[in-house]
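The values are calculated or read from the model by the stated rules, or taken from the named source; none is laboratory data. Small disclaimer: the values here were computed from a predicted structure and weren't measured. Here the Cβ is made from the backbone with ideal geometry for all residues, glycine too, and neighbour counts use every protein chain on show. The accessibility values were calculated without ligands, DNA or RNA, using every heavy atom of the protein model including side chains. Shrake-Rupley method; radii C 1.70, N 1.55, O 1.52, S 1.80 Å.
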Amino acid sequence: MLSGCLSYNRGHSSKLDVIFETMSLLLCCILLASSWPSIHSSQGSHYEGSLNCVLKQDTKDLTCKPGANDFILTPNYFFELVTKYSAIVNQNGGIMKGLMGPMVYFHVTDPDIALKLMNACLKKNYLYNVAKQWLGDGLITGDVVTWKRHRKLIMPTFSQTTLNEFQDIFNTQSRSFSDSLRSLVGRDVDPWPLVRDNALETICQTVLGLPPDGCKLVDEEYAKATEEMLNIFNTRIQTPYMHSDWLYKLTKTKKIEDKAVNILKRFSSNLLQIKKQSTGVSKNEHAEPKGKAFLDHFLELHSQGLLTERELLDELNTMIVAGHDTVATELVFILILLGSFPEVQERVYEEIQSVFDCTDRDVTKYDLPRLVYLEAVIKEVMRLYPVASIIARDADKDVNIDNHTIPAGGSIILLVWGINRSKAWGEDAEQFKPERWLDPCTLPDNPAFATFSNGSRMCLGKMFAYNSMKTTLVHLLRRFKVTADYRQLKLKVDFLLKPSSGQNINLELR
Ligand code: HEM
(Lines give C-alpha, C1' and ligand atoms only; values in the text may rest on other atoms or scores of the structure.)
Protein backbone atom coordinates (compact mmCIF):
# COMPACT_ATOMS: atom_id res chain seq x y z
CA MET A 1 0.00 0.00 0.00
CA LEU A 2 2.76 2.43 0.91
CA SER A 3 4.48 2.03 -2.40
CA GLY A 4 1.15 2.23 -4.24
CA CYS A 5 0.87 4.22 -7.40
CA LEU A 6 -0.58 7.69 -6.84
CA SER A 7 -2.37 7.61 -10.16
CA TYR A 8 -5.50 9.70 -10.37
CA ASN A 9 -8.62 7.62 -10.31
CA ARG A 10 -11.24 9.32 -12.43
CA GLY A 11 -14.03 6.82 -11.76
CA HIS A 12 -17.06 7.46 -9.51
CA SER A 13 -17.78 5.36 -6.45
CA SER A 14 -21.07 3.63 -5.80
CA LYS A 15 -22.61 3.71 -2.29
CA LEU A 16 -21.42 0.15 -1.69
CA ASP A 17 -17.87 1.16 -2.65
CA VAL A 18 -17.99 4.01 -0.16
CA ILE A 19 -19.19 1.71 2.66
CA PHE A 20 -16.52 -0.84 1.75
CA GLU A 21 -13.81 1.79 1.54
CA THR A 22 -14.83 3.41 4.83
CA MET A 23 -14.64 0.04 6.58
CA SER A 24 -11.31 -0.69 4.91
CA LEU A 25 -10.04 2.74 5.93
CA LEU A 26 -10.87 2.03 9.56
CA LEU A 27 -9.20 -1.37 9.37
CA CYS A 28 -6.16 0.10 7.67
CA CYS A 29 -5.85 2.92 10.19
CA ILE A 30 -5.84 0.37 13.01
CA LEU A 31 -3.26 -1.78 11.21
CA LEU A 32 -1.16 1.22 10.27
CA ALA A 33 -1.24 2.67 13.77
CA SER A 34 -0.15 -0.62 15.26
CA SER A 35 2.43 -1.48 12.61
CA TRP A 36 3.94 1.91 11.72
CA PRO A 37 6.91 1.67 14.08
CA SER A 38 7.77 -1.77 12.75
CA ILE A 39 7.23 -0.80 9.10
CA HIS A 40 9.42 2.16 9.73
CA SER A 41 12.29 0.29 11.33
CA SER A 42 12.17 -2.86 9.25
CA GLN A 43 11.26 -1.63 5.77
CA GLY A 44 14.76 -0.31 5.26
CA SER A 45 16.49 -3.58 5.92
CA HIS A 46 13.93 -5.45 3.82
CA TYR A 47 14.68 -3.26 0.79
CA GLU A 48 18.38 -3.05 1.52
CA GLY A 49 18.63 -6.83 1.48
CA SER A 50 17.31 -7.01 -2.06
CA LEU A 51 19.25 -3.97 -3.26
CA ASN A 52 22.52 -5.17 -1.76
CA CYS A 53 22.38 -8.33 -3.85
CA VAL A 54 23.02 -6.34 -6.98
CA LEU A 55 25.54 -3.84 -5.65
CA LYS A 56 29.04 -4.62 -6.89
CA GLN A 57 30.42 -2.80 -3.91
CA ASP A 58 28.13 -1.83 -1.11
CA THR A 59 26.90 1.74 -1.23
CA LYS A 60 27.39 3.27 2.20
CA ASP A 61 24.29 3.19 4.30
CA LEU A 62 23.09 6.67 5.17
CA THR A 63 20.53 5.41 7.68
CA CYS A 64 23.28 3.95 9.88
CA LYS A 65 25.00 7.31 10.25
CA PRO A 66 24.54 8.99 13.62
CA GLY A 67 22.10 11.83 13.35
CA ALA A 68 20.69 10.73 10.00
CA ASN A 69 17.42 9.35 11.36
CA ASP A 70 16.62 11.53 14.32
CA PHE A 71 14.33 13.82 12.37
CA ILE A 72 12.03 11.30 10.73
CA LEU A 73 8.39 12.48 10.91
CA THR A 74 9.11 15.86 12.51
CA PRO A 75 6.89 18.67 11.16
CA ASN A 76 9.62 20.04 8.95
CA TYR A 77 10.71 16.57 7.92
CA PHE A 78 11.48 17.37 4.28
CA PHE A 79 13.69 20.35 4.89
CA GLU A 80 15.64 18.53 7.59
CA LEU A 81 15.99 15.52 5.33
CA VAL A 82 17.29 17.61 2.46
CA THR A 83 19.89 19.54 4.47
CA LYS A 84 21.03 16.78 6.79
CA TYR A 85 21.25 14.06 4.13
CA SER A 86 23.05 16.52 1.82
CA ALA A 87 25.76 17.10 4.41
CA ILE A 88 26.16 13.42 5.33
CA VAL A 89 26.18 12.19 1.71
CA ASN A 90 28.71 14.88 0.77
CA GLN A 91 31.00 13.70 3.59
CA ASN A 92 30.69 10.08 2.43
CA GLY A 93 31.57 10.08 -1.25
CA GLY A 94 28.45 11.58 -2.84
CA ILE A 95 26.19 8.49 -3.04
CA MET A 96 24.49 6.59 -0.19
CA LYS A 97 21.40 4.56 0.50
CA GLY A 98 18.92 5.93 3.00
CA LEU A 99 15.32 6.03 4.07
CA MET A 100 12.80 8.63 3.12
CA GLY A 101 9.83 7.74 5.26
CA PRO A 102 9.58 3.98 4.90
CA MET A 103 11.19 3.83 1.44
CA VAL A 104 14.82 3.27 0.52
CA TYR A 105 16.34 5.70 -1.94
CA PHE A 106 19.82 6.16 -3.35
CA HIS A 107 20.75 9.70 -2.30
CA VAL A 108 23.21 11.47 -4.57
CA THR A 109 25.22 14.69 -4.18
CA ASP A 110 28.23 13.93 -6.37
CA PRO A 111 27.76 16.21 -9.43
CA ASP A 112 29.13 13.72 -11.99
CA ILE A 113 27.18 10.75 -10.63
CA ALA A 114 24.08 12.97 -10.51
CA LEU A 115 24.52 13.99 -14.15
CA LYS A 116 24.94 10.38 -15.21
CA LEU A 117 21.75 9.41 -13.38
CA MET A 118 19.85 12.44 -14.72
CA ASN A 119 20.59 11.18 -18.25
CA ALA A 120 20.23 7.45 -17.59
CA CYS A 121 17.08 7.52 -15.43
CA LEU A 122 14.43 9.57 -17.17
CA LYS A 123 11.48 8.08 -15.29
CA LYS A 124 10.11 10.29 -12.53
CA ASN A 125 9.60 8.68 -9.13
CA TYR A 126 6.01 7.86 -8.12
CA LEU A 127 6.02 10.85 -5.72
CA TYR A 128 5.36 13.10 -8.74
CA ASN A 129 1.99 11.42 -9.18
CA VAL A 130 0.57 13.69 -6.48
CA ALA A 131 0.50 16.36 -9.20
CA LYS A 132 -1.13 14.18 -11.88
CA GLN A 133 -4.70 15.36 -11.36
CA TRP A 134 -3.59 18.90 -12.11
CA LEU A 135 -0.69 18.51 -14.57
CA GLY A 136 -1.71 15.23 -16.24
CA ASP A 137 0.85 14.11 -18.82
CA GLY A 138 2.62 17.48 -19.01
CA LEU A 139 6.41 17.52 -19.26
CA ILE A 140 7.05 17.40 -15.51
CA THR A 141 4.69 14.54 -14.62
CA GLY A 142 4.28 12.65 -17.91
CA ASP A 143 5.55 9.11 -18.51
CA VAL A 144 8.84 8.76 -20.40
CA VAL A 145 7.28 7.91 -23.81
CA THR A 146 4.94 10.93 -23.73
CA TRP A 147 7.69 13.14 -22.30
CA LYS A 148 10.12 12.27 -25.16
CA ARG A 149 7.53 13.12 -27.82
CA HIS A 150 6.36 16.34 -26.12
CA ARG A 151 9.85 17.60 -25.23
CA LYS A 152 10.85 17.40 -28.94
CA LEU A 153 7.69 19.26 -29.95
CA ILE A 154 7.88 21.93 -27.24
CA MET A 155 11.62 22.65 -27.16
CA PRO A 156 11.49 25.09 -30.15
CA THR A 157 8.93 27.12 -28.17
CA PHE A 158 11.82 28.34 -26.01
CA SER A 159 13.87 29.69 -28.94
CA GLN A 160 15.87 32.90 -28.54
CA THR A 161 13.50 34.65 -30.99
CA THR A 162 10.48 33.82 -28.83
CA LEU A 163 12.31 34.92 -25.69
CA ASN A 164 13.23 38.24 -27.31
CA GLU A 165 9.55 38.82 -28.06
CA PHE A 166 8.82 38.51 -24.33
CA GLN A 167 11.17 41.35 -23.38
CA ASP A 168 8.38 43.97 -23.77
CA ILE A 169 6.17 41.99 -21.43
CA PHE A 170 9.01 41.59 -18.90
CA ASN A 171 9.59 45.37 -18.93
CA THR A 172 5.94 46.38 -18.63
CA GLN A 173 5.32 43.89 -15.85
CA SER A 174 8.48 44.91 -13.98
CA ARG A 175 7.54 48.59 -14.13
CA SER A 176 4.09 47.93 -12.81
CA PHE A 177 5.58 45.67 -10.09
CA SER A 178 7.98 48.46 -9.03
CA ASP A 179 5.05 50.92 -8.94
CA SER A 180 3.15 48.58 -6.64
CA LEU A 181 6.14 48.45 -4.26
CA ARG A 182 5.98 52.21 -3.59
CA SER A 183 3.20 51.72 -1.07
CA LEU A 184 5.48 49.46 0.98
CA VAL A 185 8.34 51.94 1.42
CA GLY A 186 9.61 52.33 5.00
CA ARG A 187 7.85 49.25 6.41
CA ASP A 188 9.03 45.71 7.12
CA VAL A 189 7.00 43.63 4.68
CA ASP A 190 6.82 40.13 3.26
CA PRO A 191 7.38 40.67 -0.49
CA TRP A 192 6.00 37.22 -1.44
CA PRO A 193 2.38 38.08 -2.46
CA LEU A 194 3.43 40.92 -4.77
CA VAL A 195 6.41 39.04 -6.22
CA ARG A 196 4.26 35.96 -6.83
CA ASP A 197 1.44 37.95 -8.48
CA ASN A 198 3.95 39.65 -10.75
CA ALA A 199 5.58 36.36 -11.80
CA LEU A 200 2.20 34.72 -12.37
CA GLU A 201 0.88 37.59 -14.44
CA THR A 202 4.13 37.63 -16.45
CA ILE A 203 4.00 33.93 -17.36
CA CYS A 204 0.32 34.24 -18.32
CA GLN A 205 1.03 37.24 -20.57
CA THR A 206 3.82 35.29 -22.28
CA VAL A 207 1.62 32.24 -22.65
CA LEU A 208 -0.96 34.38 -24.48
CA GLY A 209 1.50 36.69 -26.20
CA LEU A 210 -0.94 39.56 -26.00
CA PRO A 211 0.59 42.93 -25.16
CA PRO A 212 -0.61 43.94 -21.70
CA ASP A 213 -3.44 46.47 -21.89
CA GLY A 214 -3.56 47.31 -18.21
CA CYS A 215 -6.04 44.56 -17.50
CA LYS A 216 -4.84 41.71 -15.27
CA LEU A 217 -5.30 38.10 -16.38
CA VAL A 218 -4.78 36.51 -12.97
CA ASP A 219 -7.01 36.79 -9.94
CA GLU A 220 -6.44 36.01 -6.27
CA GLU A 221 -8.48 32.79 -6.57
CA TYR A 222 -5.97 31.26 -8.99
CA ALA A 223 -2.95 32.21 -6.90
CA LYS A 224 -4.58 30.79 -3.76
CA ALA A 225 -5.49 27.54 -5.51
CA THR A 226 -1.86 27.12 -6.66
CA GLU A 227 -0.56 27.54 -3.11
CA GLU A 228 -3.23 25.16 -1.84
CA MET A 229 -2.09 22.51 -4.31
CA LEU A 230 1.58 22.83 -3.36
CA ASN A 231 0.58 22.41 0.31
CA ILE A 232 -1.49 19.37 -0.56
CA PHE A 233 1.44 17.74 -2.42
CA ASN A 234 3.54 18.22 0.67
CA THR A 235 0.89 16.85 3.04
CA ARG A 236 0.25 13.87 0.82
CA ILE A 237 3.90 12.94 0.36
CA GLN A 238 4.52 13.16 4.11
CA THR A 239 1.41 11.20 5.10
CA PRO A 240 1.92 7.51 4.26
CA TYR A 241 -1.75 6.43 4.23
CA MET A 242 -2.49 9.19 1.69
CA HIS A 243 -0.15 7.41 -0.75
CA SER A 244 -2.95 5.01 -1.44
CA ASP A 245 -5.34 6.47 -4.02
CA TRP A 246 -8.44 4.89 -2.60
CA LEU A 247 -7.67 5.92 0.99
CA TYR A 248 -6.79 9.42 -0.15
CA LYS A 249 -10.08 9.63 -2.05
CA LEU A 250 -11.90 9.42 1.28
CA THR A 251 -10.07 12.32 2.89
CA LYS A 252 -11.07 15.95 3.31
CA THR A 253 -7.79 16.90 1.63
CA LYS A 254 -8.93 15.22 -1.59
CA LYS A 255 -12.09 17.35 -1.60
CA ILE A 256 -9.99 20.50 -1.17
CA GLU A 257 -7.73 19.28 -4.00
CA ASP A 258 -10.73 18.69 -6.30
CA LYS A 259 -11.93 22.25 -5.68
CA ALA A 260 -8.48 23.74 -6.27
CA VAL A 261 -7.88 21.69 -9.44
CA ASN A 262 -11.24 22.86 -10.84
CA ILE A 263 -10.21 26.49 -10.33
CA LEU A 264 -6.80 25.91 -11.92
CA LYS A 265 -8.16 24.01 -14.91
CA ARG A 266 -10.96 26.52 -15.47
CA PHE A 267 -8.35 29.26 -15.57
CA SER A 268 -6.18 27.57 -18.23
CA SER A 269 -9.25 26.70 -20.31
CA ASN A 270 -10.24 30.38 -20.16
CA LEU A 271 -6.76 31.40 -21.35
CA LEU A 272 -7.14 29.01 -24.25
CA GLN A 273 -10.52 30.53 -25.14
CA ILE A 274 -9.10 34.07 -24.99
CA LYS A 275 -6.29 32.99 -27.30
CA LYS A 276 -8.61 31.27 -29.77
CA GLN A 277 -10.87 34.34 -29.88
CA SER A 278 -8.02 36.82 -30.19
CA THR A 279 -6.55 35.03 -33.23
CA GLY A 280 -9.94 35.34 -34.91
CA VAL A 281 -10.59 39.09 -34.41
CA SER A 282 -9.36 41.89 -36.62
CA LYS A 283 -6.33 43.95 -35.71
CA ASN A 284 -8.41 47.05 -35.03
CA GLU A 285 -10.55 45.40 -32.40
CA HIS A 286 -7.84 43.56 -30.47
CA ALA A 287 -4.10 43.94 -30.19
CA GLU A 288 -2.38 41.14 -32.08
CA PRO A 289 0.70 39.42 -30.71
CA LYS A 290 3.93 40.58 -32.37
CA GLY A 291 5.55 37.16 -32.46
CA LYS A 292 4.73 33.61 -31.48
CA ALA A 293 3.81 33.01 -27.85
CA PHE A 294 3.71 29.67 -26.03
CA LEU A 295 0.04 29.14 -26.88
CA ASP A 296 0.59 29.97 -30.57
CA HIS A 297 3.07 27.09 -30.73
CA PHE A 298 0.82 24.73 -28.79
CA LEU A 299 -2.19 25.55 -30.99
CA GLU A 300 -0.13 24.99 -34.12
CA LEU A 301 0.91 21.55 -32.83
CA HIS A 302 -2.75 20.87 -32.02
CA SER A 303 -3.91 21.84 -35.50
CA GLN A 304 -1.26 19.52 -36.99
CA GLY A 305 -2.67 16.67 -34.90
CA LEU A 306 0.52 16.43 -32.81
CA LEU A 307 -1.07 17.42 -29.47
CA THR A 308 -4.63 16.61 -28.39
CA GLU A 309 -6.59 19.36 -26.61
CA ARG A 310 -6.11 17.53 -23.29
CA GLU A 311 -2.34 17.28 -23.86
CA LEU A 312 -2.28 20.95 -24.81
CA LEU A 313 -4.03 21.88 -21.55
CA ASP A 314 -1.69 19.63 -19.51
CA GLU A 315 1.32 21.43 -21.02
CA LEU A 316 -0.33 24.80 -20.49
CA ASN A 317 -0.94 24.07 -16.79
CA THR A 318 2.62 22.76 -16.45
CA MET A 319 4.08 25.85 -18.08
CA ILE A 320 2.13 28.24 -15.85
CA VAL A 321 3.11 26.61 -12.56
CA ALA A 322 6.71 25.78 -13.57
CA GLY A 323 7.14 29.30 -14.88
CA HIS A 324 5.95 31.39 -11.95
CA ASP A 325 6.35 29.78 -8.52
CA THR A 326 10.03 29.01 -9.17
CA VAL A 327 10.90 32.49 -10.44
CA ALA A 328 8.96 34.22 -7.64
CA THR A 329 10.59 32.14 -4.91
CA GLU A 330 14.10 32.75 -6.25
CA LEU A 331 13.37 36.48 -6.55
CA VAL A 332 12.39 36.60 -2.87
CA PHE A 333 15.65 34.84 -1.92
CA ILE A 334 17.62 37.27 -4.11
CA LEU A 335 15.99 40.32 -2.46
CA ILE A 336 16.75 38.94 1.00
CA LEU A 337 20.41 38.29 0.16
CA LEU A 338 20.85 41.65 -1.57
CA GLY A 339 19.28 43.32 1.47
CA SER A 340 21.65 41.47 3.78
CA PHE A 341 24.83 42.31 1.85
CA PRO A 342 24.70 46.09 1.14
CA GLU A 343 28.12 46.10 -0.56
CA VAL A 344 26.88 43.47 -3.07
CA GLN A 345 23.70 45.48 -3.67
CA GLU A 346 25.72 48.65 -4.22
CA ARG A 347 27.92 46.91 -6.78
CA VAL A 348 24.81 45.66 -8.63
CA TYR A 349 23.38 49.20 -8.55
CA GLU A 350 26.58 50.68 -9.98
CA GLU A 351 26.56 48.10 -12.77
CA ILE A 352 22.95 48.95 -13.61
CA GLN A 353 23.72 52.68 -13.63
CA SER A 354 26.70 52.07 -15.92
CA VAL A 355 24.88 49.79 -18.40
CA PHE A 356 21.87 52.14 -18.58
CA ASP A 357 23.82 55.42 -18.45
CA CYS A 358 21.89 56.40 -15.30
CA THR A 359 18.63 56.47 -17.28
CA ASP A 360 15.33 54.76 -16.54
CA ARG A 361 15.02 53.15 -19.98
CA ASP A 362 13.71 49.63 -20.59
CA VAL A 363 15.96 46.57 -20.58
CA THR A 364 16.75 45.31 -24.09
CA LYS A 365 18.07 41.93 -25.20
CA TYR A 366 21.47 43.65 -25.70
CA ASP A 367 21.59 44.79 -22.06
CA LEU A 368 21.00 41.33 -20.60
CA PRO A 369 24.48 39.84 -21.24
CA ARG A 370 26.09 43.06 -19.99
CA LEU A 371 24.63 42.63 -16.51
CA VAL A 372 27.50 40.34 -15.53
CA TYR A 373 27.62 40.98 -11.80
CA LEU A 374 23.84 40.88 -11.44
CA GLU A 375 23.89 37.47 -13.14
CA ALA A 376 26.60 36.30 -10.72
CA VAL A 377 24.40 37.35 -7.78
CA ILE A 378 21.36 35.56 -9.22
CA LYS A 379 23.35 32.36 -9.79
CA GLU A 380 24.96 32.44 -6.36
CA VAL A 381 21.60 32.85 -4.62
CA MET A 382 20.14 30.05 -6.74
CA ARG A 383 23.12 27.82 -5.87
CA LEU A 384 22.52 28.27 -2.14
CA TYR A 385 18.72 28.30 -2.30
CA PRO A 386 17.66 25.89 -5.08
CA VAL A 387 13.86 26.06 -5.24
CA ALA A 388 13.68 22.44 -6.46
CA SER A 389 16.02 21.13 -3.78
CA ILE A 390 15.40 17.46 -4.59
CA ILE A 391 14.66 15.63 -7.84
CA ALA A 392 13.34 12.07 -7.60
CA ARG A 393 13.82 9.50 -10.37
CA ASP A 394 13.56 5.72 -10.87
CA ALA A 395 16.08 3.46 -12.59
CA ASP A 396 14.22 1.56 -15.33
CA LYS A 397 17.35 -0.54 -16.00
CA ASP A 398 20.54 -1.34 -14.05
CA VAL A 399 22.86 1.67 -14.02
CA ASN A 400 26.58 1.18 -13.39
CA ILE A 401 28.42 3.99 -11.65
CA ASP A 402 32.05 3.48 -10.74
CA ASN A 403 31.88 0.64 -8.22
CA HIS A 404 28.13 0.74 -7.74
CA THR A 405 25.16 -0.62 -9.61
CA ILE A 406 21.82 1.02 -9.08
CA PRO A 407 19.44 -1.81 -9.85
CA ALA A 408 16.44 -1.56 -12.16
CA GLY A 409 13.52 -0.42 -10.01
CA GLY A 410 15.81 1.42 -7.57
CA SER A 411 14.64 4.89 -6.53
CA ILE A 412 16.96 7.86 -6.58
CA ILE A 413 16.91 11.23 -4.81
CA LEU A 414 19.17 13.76 -6.46
CA LEU A 415 19.89 16.19 -3.63
CA VAL A 416 20.24 19.46 -5.53
CA TRP A 417 20.89 21.25 -2.23
CA GLY A 418 23.88 18.95 -1.67
CA ILE A 419 25.15 18.97 -5.28
CA ASN A 420 25.26 22.78 -5.13
CA ARG A 421 27.39 22.52 -1.95
CA SER A 422 29.57 19.57 -3.00
CA LYS A 423 33.35 19.69 -2.62
CA ALA A 424 33.62 20.84 -6.27
CA TRP A 425 32.73 24.29 -4.88
CA GLY A 426 35.65 24.35 -2.46
CA GLU A 427 35.93 25.02 1.25
CA ASP A 428 33.73 28.10 1.10
CA ALA A 429 30.78 26.30 -0.54
CA GLU A 430 28.39 27.42 2.24
CA GLN A 431 29.30 31.08 1.83
CA PHE A 432 27.49 33.65 -0.31
CA LYS A 433 30.19 34.80 -2.75
CA PRO A 434 28.87 36.09 -6.09
CA GLU A 435 32.45 36.78 -7.19
CA ARG A 436 33.05 33.06 -7.63
CA TRP A 437 30.95 33.25 -10.83
CA LEU A 438 33.12 35.96 -12.40
CA ASP A 439 36.22 33.87 -13.08
CA PRO A 440 35.51 30.84 -15.29
CA CYS A 441 38.90 29.35 -14.32
CA THR A 442 37.89 28.90 -10.67
CA LEU A 443 34.35 27.78 -11.43
CA PRO A 444 33.57 24.03 -11.19
CA ASP A 445 32.08 22.15 -14.15
CA ASN A 446 28.48 22.67 -15.09
CA PRO A 447 26.97 19.63 -13.29
CA ALA A 448 27.99 21.12 -9.93
CA PHE A 449 25.21 23.70 -10.41
CA ALA A 450 21.98 21.71 -10.49
CA THR A 451 19.30 24.28 -9.67
CA PHE A 452 17.77 23.91 -13.15
CA SER A 453 18.57 20.16 -13.07
CA ASN A 454 21.01 18.87 -15.72
CA GLY A 455 20.97 16.43 -18.62
CA SER A 456 18.14 15.68 -20.99
CA ARG A 457 15.25 16.50 -18.59
CA MET A 458 16.69 19.78 -17.42
CA CYS A 459 14.53 22.89 -17.13
CA LEU A 460 13.31 24.31 -20.44
CA GLY A 461 12.70 27.75 -18.94
CA LYS A 462 16.23 28.57 -17.76
CA MET A 463 16.82 31.52 -20.11
CA PHE A 464 13.24 32.72 -19.63
CA ALA A 465 13.91 32.73 -15.87
CA TYR A 466 17.24 34.59 -16.12
CA ASN A 467 15.85 37.21 -18.52
CA SER A 468 12.70 37.88 -16.52
CA MET A 469 14.54 37.99 -13.16
CA LYS A 470 17.25 40.34 -14.50
CA THR A 471 14.62 42.67 -15.96
CA THR A 472 12.60 42.72 -12.72
CA LEU A 473 15.70 43.40 -10.62
CA VAL A 474 16.95 46.22 -12.84
CA HIS A 475 13.62 48.07 -12.57
CA LEU A 476 13.39 47.44 -8.83
CA LEU A 477 16.96 48.12 -7.73
CA ARG A 478 17.32 51.43 -9.54
CA ARG A 479 14.29 52.77 -7.68
CA PHE A 480 14.70 51.16 -4.26
CA LYS A 481 17.37 50.23 -1.77
CA VAL A 482 16.54 46.92 -0.06
CA THR A 483 17.35 45.98 3.54
CA ALA A 484 16.88 42.49 4.98
CA ASP A 485 18.55 39.98 7.29
CA TYR A 486 19.10 36.51 5.87
CA ARG A 487 20.03 35.23 9.37
CA GLN A 488 16.33 35.52 10.32
CA LEU A 489 15.35 33.37 7.35
CA LYS A 490 13.74 30.02 8.20
CA LEU A 491 13.17 27.54 5.40
CA LYS A 492 10.77 24.74 4.61
CA VAL A 493 10.40 22.32 1.73
CA ASP A 494 6.77 22.67 0.74
CA PHE A 495 7.32 20.50 -2.33
CA LEU A 496 9.48 23.47 -3.33
CA LEU A 497 12.02 25.18 -1.06
CA LYS A 498 10.34 28.25 0.46
CA PRO A 499 10.91 30.72 3.30
CA SER A 500 8.72 29.79 6.26
CA SER A 501 9.46 32.98 8.21
CA GLY A 502 11.97 35.80 8.49
CA GLN A 503 11.57 36.80 4.84
CA ASN A 504 10.58 40.42 5.48
CA ILE A 505 12.36 43.14 3.57
CA ASN A 506 12.42 46.92 3.97
CA LEU A 507 12.42 49.27 0.98
CA GLU A 508 13.82 52.80 0.78
CA LEU A 509 13.41 55.10 -2.23
CA ARG A 510 16.70 55.91 -4.03
C1 HEM B 1 14.14 30.12 -11.20
C2 HEM B 1 13.43 29.50 -12.03
C3 HEM B 1 13.36 28.02 -12.32
C4 HEM B 1 13.95 26.97 -11.69
C5 HEM B 1 14.88 26.99 -10.50
C6 HEM B 1 13.52 25.78 -12.40
C7 HEM B 1 13.93 24.49 -12.08
C8 HEM B 1 13.54 23.36 -12.77
C9 HEM B 1 13.95 22.02 -12.44
C10 HEM B 1 14.88 21.63 -11.31
C11 HEM B 1 13.35 21.18 -13.32
C12 HEM B 1 13.47 19.66 -13.36
C13 HEM B 1 12.42 19.09 -12.45
C14 HEM B 1 12.53 17.60 -12.30
O15 HEM B 1 13.25 16.93 -13.05
O16 HEM B 1 11.84 17.09 -11.43
C17 HEM B 1 12.55 21.99 -14.20
C18 HEM B 1 11.78 21.49 -15.24
C19 HEM B 1 11.02 22.27 -16.06
N20 HEM B 1 10.90 23.64 -16.04
FE21 HEM B 1 11.88 24.89 -14.80
N22 HEM B 1 12.68 26.14 -13.41
C23 HEM B 1 12.57 27.50 -13.40
C24 HEM B 1 11.82 28.28 -14.27
C25 HEM B 1 11.09 27.80 -15.30
C26 HEM B 1 10.34 28.62 -16.21
C27 HEM B 1 10.30 30.14 -16.18
C28 HEM B 1 9.69 27.78 -17.08
C29 HEM B 1 8.76 28.10 -18.21
C30 HEM B 1 8.54 29.27 -18.71
C31 HEM B 1 10.05 26.42 -16.70
C32 HEM B 1 9.63 25.29 -17.34
C33 HEM B 1 10.04 24.01 -17.03
C34 HEM B 1 9.57 22.84 -17.73
C35 HEM B 1 8.58 22.81 -18.90
C36 HEM B 1 10.19 21.74 -17.13
C37 HEM B 1 10.04 20.25 -17.50
C38 HEM B 1 11.23 19.88 -18.36
C39 HEM B 1 11.21 18.42 -18.79
O40 HEM B 1 10.98 17.52 -17.96
O41 HEM B 1 11.44 18.20 -19.97
N42 HEM B 1 10.90 26.48 -15.63
N43 HEM B 1 12.68 23.30 -13.85
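For this structure, a couple of remarks:
- The stretch 328-370: chymotrypsin sites (Phe, Trp or Tyr not before Pro) in DSSP coil with no more than 13 other Cβ atoms inside 10 Å: Tyr366
- Percent accessible area from carbon and sulfur atoms, the stretch 205-278, protein chains only, probe 1.4 Å: 53
- In the stretch 391-483, a dipole from Cβ-located charges (positive for Lys and Arg, negative for Asp and Glu) runs towards its positive end, and of Met463, Thr483, Pro440 it is Thr483 whose Cα lies farthest in that direction.
- Restricted to Cα atoms, the stretch 387-497 shows a radius of gyration and a Dmax of 17.6, 55 angstrom.
- Loop sites in the stretch 176-254: trypsin sites (Lys or Arg not before Pro), DSSP, at most 15 other Cβ within 10 Å: Arg187, Lys216
- Shown in residue order for the stretch 479-490 are the 3J(HN,Hα) couplings computed by the Karplus curve 6.51 cos²θ - 1.76 cosθ + 1.60 at θ = phi - 60°: 9, 10, 9, 9, 10, 7, 9, 5, 5, 7, 5, 10 Hz (x for Gly and Pro).
- Looking at the stretch 357-466, the trypsin sites (Lys or Arg not before Pro) that sit in a DSSP loop and have at most 16 other Cβ atoms within 10 Å of their own Cβ are Arg361, Lys365, Lys397.
- Of all lysines in the structure, those lying under 30 Å Cα to Cα from Lys255, and not within fewer than 8 positions of it along the same chain, are Lys15, Lys123, Lys124, Lys132, Lys216, Lys224, Lys265, Lys492, Lys498.
- Largest-first ellipsoid semi-axes for the stretch 384-430, taking √(5λ) over the Cα gyration tensor eigenvalues, angstrom: 26, 15, 5
- HN-Hα J in Hz across the stretch 84-94 - Karplus 6.51, -1.76, 1.60, θ = phi - 60°, x for Gly and Pro: 5, 4, 4, 5, 5, 5, 4, 6, 10, x, x
- Farthest positive-ward along the stretch 81-153 dipole, Cα basis, beta-carbon charges - from Tyr85, Gln133, Met96: Gln133
- Reducing the stretch 92-141 and the stretch 310-330 to their Cα centroids gives an inter-centroid distance of 20 Å.
- Taking amide H positions as modeled 1.01 Å from N, with prolines and chain starts lacking one, the residues under 5 Å from Leu122 and 5 or more places away or on another chain are Asp396.
- Residues of the stretch 113-214: accessible area per residue with a 1.4 Å probe, Å²: 37
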